[in-house]
């Protein structure tokens, strides 16, 4: 049996299953592919009509494929370049690690480096440090003379900054989500308009 | 699977996947969303794709799954009417060859049309059609058989 005859027999079998309602998607893929490559005039009469129907179904499929939204490929490529987001926990842990290291360094430096007290102000590196704790004086500041206390207060301030960053991060994430939803809506509108125009 | 291979083997399939999604969800915007979601899932699981025999088949299967879930989550039933069987005096107007098959399918009874379209344009198996339409697999087989035979009859009538 020639290849052509074998293909004809296979096509006949599949068409039989097709009208029986028992063909598989793979069967139909094969027969669509076969009918799209063969010259209909070469087919037996009892397959010609089916071949025409299958060709028209394929044409309809091609029409839909050609009407794919212009930006769809871009949307898919954007997925392929997304870096995994750093988790909130990761950011906070990193921040705490850095601030703890900074606080430890300050404590170490305060114990090692020569420190001067000038006008009852704690000085490090020529800069005066003054922090607000309790019972401020008329200028609104309290002078700290104990180096260890000052380092603890600085570390506490950094932790407070970390908590503030936590709030900022949460708000930025919410805004980011809202912007994404807005972007999706705009894309839908644009796609709908471009389909209408076509 | 690395990004380069993903681009070569999977990215070109998106148009075909889109046409399958359109056939199932019957809405182009939703179909585009389904395609995007499909690729997001594939990209997330790209390291496991190397083990598959056919990544394209897996992509199509994933897309169909997403579309089925979308249809299930719909609350409003569409306002599709039940198309009756044509009479011998019906004429096709403004139906060029390209749209002929779609126009003929629209003339099938609703449940037959759904099954035939899902098979023809969505590439759905009988089981998938059963899941999408809520019919039993045995009913789907019957709907496909009757629908396809009727389609051929209509085609014969209008072209010969």
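Read-outs: derived from the displayed coordinates by stated rules, not from any lab. Model, not experiment: these values are computed from the prediction. Backbone-built Cβ (ideal geometry, glycine too); neighbour counts: all protein chains shown.
Calculate how large, on average over all directions, the projected area of the Cα convex hull of the stretch B:3-73 is; give the answer in nm² to one decimal.
Averaging across all directions leaves 4.4 nm² for the Cα convex hull.
Working from Cα positions, state the angle (0 to 90°, nearest 10) between the long axis of helix B:14-25 and the longest principal axis of chain B.
50 degrees
How large is log10 I(q)/I(0) at q = 0.14, 0.16 Å⁻¹ when the Debye formula is applied to the Cα atoms of the stretch B:97-159, each weighted equally and without solvent?
The Cα Debye sum returns log10 ratios of -0.36, -0.46.
What's the center-to-center distance, using Cα atoms, between the stretch A:1-41 and the stretch A:42-79 in Å?
Using only Cα atoms, the two centres lie 17 Å from each other.
Between helix B:110-120 and chain B, what is the angle of the helix's C-alpha long axis to the longest principal axis, kept within 0 to 90° and rounded to the nearest 10?
Relative to chain B, helix B:110-120 is tipped by roughly 50 degrees.
How many partner chain Cβ atoms sit within 10 Å of a residue's Cβ in peptide A:51-64, on average, as a whole number?
6
At a 10 Å Cβ-Cβ cut-off, how would you order B:110, B:100, B:144, fewest neighbours first?
B:110, B:100, B:144
Other chains near B:150-157: what is the mean number of their Cβ atoms within 10 Å of each residue's Cβ?
2
Per residue of A:69-77, how many C-beta atoms from partner chains lie within 10 Å of its own C-beta, taken as a mean?
That works out to 5 on average.
Apply the a/c threshold of 1.5 to the C-alpha gyration tensor of chain B and tell me whether it is rounded, prolate or oblate.
It comes out prolate by the Cα gyration axes.
Return the FRET efficiency for the residue pair residue A:41, residue A:101: r is the Cβ-Cβ distance, R0 is 51 Å, and the value is rounded to the nearest 0.05.
Efficiency for this residue pair is about 0.05.
Show me, bin by bin at 10 Å from 0, the whole-percent P(r) of the stretch A:3-66 based on Cα pairs.
Histogram of Cα-Cα distances, whole percents per bin: 21, 57, 20, 2.
Residue A:29 to residue A:9: extension gain in nm, 0.36 nm per residue of separation minus the Cα-Cα distance?
5.6 nm
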